[in-house]
Amino acid sequence: MSDWHVDVPARLGEEVGRLTPGGRRAVHDALARLAKDPRTGAEEPVTGAEIRRILTEPAADNGDRITLLYRVHGDEDPRRVEIIFLLAGP
């Protein structure tokens, strides 16, 4: 069990709703990886910000990869990952 909490703001619900079923599954799998430990498997932090990014695996139905931008709050209790934005595309 993870001790990281992943916060997905309600405002992203509409964006997730626009994804294909395969895209939603890819986002789910990426969120599960972040819940295990958001500091591993991520791309380098975005220069000049405390934001990191992670790419999903290609969606099973259309091959799209989704980028999730997030911030790690490891010094809080409970430790949490804040999803900032997601970008979908081929």
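When residues of segment 1-24 are filtered for being in contact (Cβ under 8 Å) with a residue 12 or more places away in the chain, part of a loop (DSSP other than H, G, I, E, B) and within 17 Å of residue 80 (Cβ to Cβ), how many remain?
So the answer is 4.
Pairs only if they're at least six apart or on different chains, beta carbon under 8 angstrom, first in segment 75-88 and of a type outside the set (D, E, K, R), second assigned to a loop (DSSP other than H, G, I, E, B); list them, first residue then second.
78/3; 81/38; 83/8; 83/9; 84/51; 88/18; 88/19; 88/64
Read the figures in this text as sums done on the coordinates, not as results from a lab. Model, not experiment: these values are computed from the prediction. Here Cβ is always computed from backbone atoms with ideal geometry, including for glycine, and neighbour counts include all displayed protein chains.
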